[in-house]
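The values are calculated or read from the model by the stated rules, or taken from the named source; none is laboratory data. What you see is a predicted model, and the numbers here were worked out from it, not measured in a lab. Cβ atoms come from the backbone with ideal geometry, glycine included; neighbour counts cover every protein chain shown. Heads up: the accessible areas ignore ligands, DNA and RNA and are worked out on the full protein's heavy atoms, side chains in. Shrake-Rupley method; radii C 1.70, N 1.55, O 1.52, S 1.80 Å.
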Amino acid sequence: MRKIRVVALGVSAAVVFTAAQASAQFPAPPDPGAWVGTWGASAAGPVPGTDNGYPNFSIRNVVHTSVGGRSARVTLSNAFGNAPLVVGHSSVAVSAKAGTADAKPGSVKELTFGKRASVTIPAGAEVQSDSVDLAIPADSDLLVTTYVPTPSGPVTYHPAASQTSFFTRDGDHALDTAGAAYTETTAVWHYVTGVDVRGSGARGSVVTLGDSITDGVGSTGSTNRRWPDYLADRTKTFGVVNSGISANRLLLGGPGGAGRNALARFNDDVLTKTSVRTLIVLEGINDIQQDPHQTDPAAITAAYEQLVARAHAHGIKVLGGTLTPFKGWRVYDETLEATRLAVNKFIRTSGVFDGVVDFDAAIRDPQDPLKMRAQFDSGDHLHPGDAGYRAMAEAVDLARL
């Protein structure tokens, strides 16, 4: 995917570190005044049935910060479009109240791109806004609003947002403070894929690359209880950018909103994120449990080796997350379980990763280690619930970020 960068004018013991960390050379942390990623969502595909785009729609996306700052910039995407996307007007604001489209009075800031309010995003590309001065609290909701005046082709989106956002079909309301015009809701994010902040004092960003378990499926909606959210609550000194896509795989692309495979999307969803210091990888269970089932552990572990090599080439530390239990899930069988166990053994013992976050150990049932502990299970035996996601975040040793 092409990226147009418009320059602004103004169970904690489960983490084990290996020899790879000692030999890897990582750059010094960025200056405290540098840009840091505070929120992200991976573009996963085109919204079905949007060949005409969303002409005359204003969409108010609700996104949640990890770290705060004094300035912000926003990334908008037409990654899965097949025609130029004209964004006629856009804005960023601090939310006035959870569950509403109301902005905090005085916080609505018009976004510009090379000092122009309108921007045309080519098919397959994304754009980054100029910087706006805005006091952004940590651990808070922002409203990123886009107005598209004309037909555009398929709309790029992130389907499993676990967050209610708002929209109207009634023209340009990008600069509205009151949310009264936003009479409809949506459970997905449209167009927006990143928010950076400056002046946070953060030491950099952590990217979490994964599937629905990183995306937060099974957590309580609109409460920010995904495991990367809990990690952000714990660390405070790093921005956390969530690059999970539900149904995503390491090796095969999925239909609809399942996204490109992790190797294919790695540049866009990891390497181009802002001030990335550390990558946490939790992916592979879908390769095993989705049809066609990948039962050769070596195919999965070879993908890990590629991800680590590419991250290291850019000075990014990589922590490998063990695959969590799924006994009781609808396709579970002994062959698939044997593959998961072999992959986890590789993650723990190979030394490929700079460290290991043992998510498996953090949430498995001590009485039956092949299944998730009941109080951590969302109910489907694959996805954790809120308590499970909290336990996963607590398994990350913050000193190793």
Residue identified as over 26 Å from Gly106 (Cβ atoms) and basic (Lys, Arg) among Arg203, Arg198: Arg203
Output for the range 237-257, where each listed residue is modelled with pLDDT under 95, in contact with a strand residue (DSSP E or B) (Cβ under 7 Å, 6 or more places away or on another chain) and buried (at least 19 other Cβ atoms within 10 Å of the Cβ): Gly257
Test: residue in the range 191-202 that is among the charged types (D, E, K, R) and in a strand (DSSP E or B): yes
Single condition Gly49 does not satisfy, out of (1) open to solvent by less than 30 Å² (accessible area, probe 1.4 Å); (2) modelled with pLDDT of 50 or more: (1)
Hits in the range 351-369 - residues which are hydrophobic (A, V, I, L, M, F, W, C), outside any loop (DSSP other than H, G, I, E, B) and either touching a Gly at 6+ places or on another chain (Cβ under 7 Å) or open to solvent by 10 Å² or more (accessible area, probe 1.4 Å) (or both): Val356, Val357, Phe359, Ala361, Ile363
Residues (among the β-branched types (Val, Ile, Thr) and open to solvent by 10 Å² or more (accessible area, probe 1.4 Å)) located in the range 140-192: Thr150, Thr164, Thr177, Thr183, Thr185, Thr186, Val188
Selected residue (criterion: farthest from Thr65 (Cα to Cα)) from residues of the range 172-202 that are out of contact with any strand residue (DSSP E or B) (no Cβ under 7 Å at 6 or more places or on another chain) and either at pLDDT below 95 or among the small types (Gly, Ala, Ser) (or both): Ala180
So Ile347, is it at pLDDT 95 or above, touching a Gly at 6+ places or on another chain (Cβ under 6 Å) and either within 20 Å of Asn267 (Cβ to Cβ) or part of a helix (DSSP H, G or I) (or both): yes
Matching residues in the range 193-233 - criterion: being surrounded by fewer than 22 Cβ atoms within 10 Å (Cβ to Cβ), hydrophobic (A, V, I, L, M, F, W, C) and more than 26 Å from Phe166 (Cβ to Cβ): none
Enumeration of residues in the range 138-187 that are more than 13 Å from His89 (Cβ to Cβ), among the hydrophobic types (A, V, I, L, M, F, W, C) and in contact with a Pro (Cβ under 7 Å, 6 or more places away or on another chain): Val155
Within the range 132-171, strands (runs of 3 or more DSSP E) holding 2 or more residues that are modelled with pLDDT of 95 or more, under 28 Å from Thr223 (Cβ atoms) and β-branched (Val, Ile, Thr): 132-136, 141-148
Candidate set: the range 52-67, residues that are open to solvent by 10 Å² or more (accessible area, probe 1.4 Å) and under 17 Å from the mean Cα position of the chain (by Cα); chosen: the one farthest from Ala178 (Cα to Cα): Ser66
